[in-house]
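The values are calculated or read from the model by the stated rules, or taken from the named source; none is laboratory data. Please read all numbers here as calculations on a predicted model, not as lab measurements. In this analysis, Cβ positions are derived from the backbone assuming ideal geometry, glycine residues included, and neighbour counts consider all displayed protein chains. Surface areas here come from the heavy atoms of the whole protein model, side chains and all, with no ligands, DNA or RNA. Shrake-Rupley method; radii C 1.70, N 1.55, O 1.52, S 1.80 Å.
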Amino acid sequence: MVAAERAPCVYFKQLSPFLPERLDGFTVAHTQGSTGKYGDVSVSEAERRYTRGEGREVKVRIVDTTMGERIGKAIQEAAERSRGKAASDPSAPIHLDDAVGFVRYDAEESVAEANLLVGGRYVVAVTSRGFPGTVEVRRVARGIDLAGLARLRPGPN
């Protein structure tokens, strides 16, 4: 595996196919993406927002960046700190074949967030608003083709 800091980022259009086309019960509200270089930092990101009545929404964001190694380490450390939590705990980490991540929930704001490191390179953030707990972000995260994303490497734009 090539460290993200030594390889160029994939173009955002290569990330977009890994965003769920649809989520049951939701409407796609917005899709966007960009690739840019900011000084020494390169970033590609693709994002899709889904809405459901009553102020509920889910957002999926996939990022590839030259800062990925540092961000990935932070995600792995946060997941490791939560490792002993029971699966029923809303803040239990996510450990999958191709991804590791941490989950948090702000009950006051009804916002849940799962941050995953996929394939040692990509950051996938799934955020929900208006749901009680972390069930929705976990469900959406597990529905993403994480194995396919983990195999993605930079190529022609």
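Summary table
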| read-out | value |
| --- | --- |
| Subset tally (residues that are surrounded by fewer than 20 Cβ atoms within 10 Å (Cβ to Cβ) and either assigned to a strand (DSSP E or B) or touching a His at 6+ places or on another chain (Cβ under 7 Å) (or both)) for the range 64-87 | 0 |
| Failed condition for SER91, given (1) at pLDDT below 90; (2) part of a helix (DSSP H, G or I); (3) over 18 Å from LEU149 (Cα atoms) | (2) |
| Only listed residue being free of Cβ contacts under 8 Å to residues at least 24 places away in the same chain and under 21 Å from LEU23 (Cα atoms), chosen from VAL103, VAL126, VAL111 | VAL111 |
| Hits in the range 54-63 - residues which are open to solvent by 30 Å² or more (accessible area, probe 1.4 Å) and modelled with pLDDT of 90 or more | ARG56, GLU57, LYS59, ARG61 |
| The range 42-53, residues that are open to solvent by less than 40 Å² (accessible area, probe 1.4 Å) and out of contact with any strand residue (DSSP E or B) (no Cβ under 6 Å at 6 or more places or on another chain) | SER42 |
| Qualifying residue in the range 116-126 (condition: part of a strand (DSSP E or B), touching a strand residue (DSSP E or B) at 6+ places or on another chain (Cβ under 8 Å) and open to solvent by 30 Å² or more (accessible area, probe 1.4 Å)) | no |
| Condition check for PRO20: outside any helix (DSSP H, G or I), touching a helix residue (DSSP H, G or I) at 6+ places or on another chain (Cβ under 7 Å), under 22 Å from GLU136 (Cα atoms) and not small (Gly, Ala, Ser) | yes |
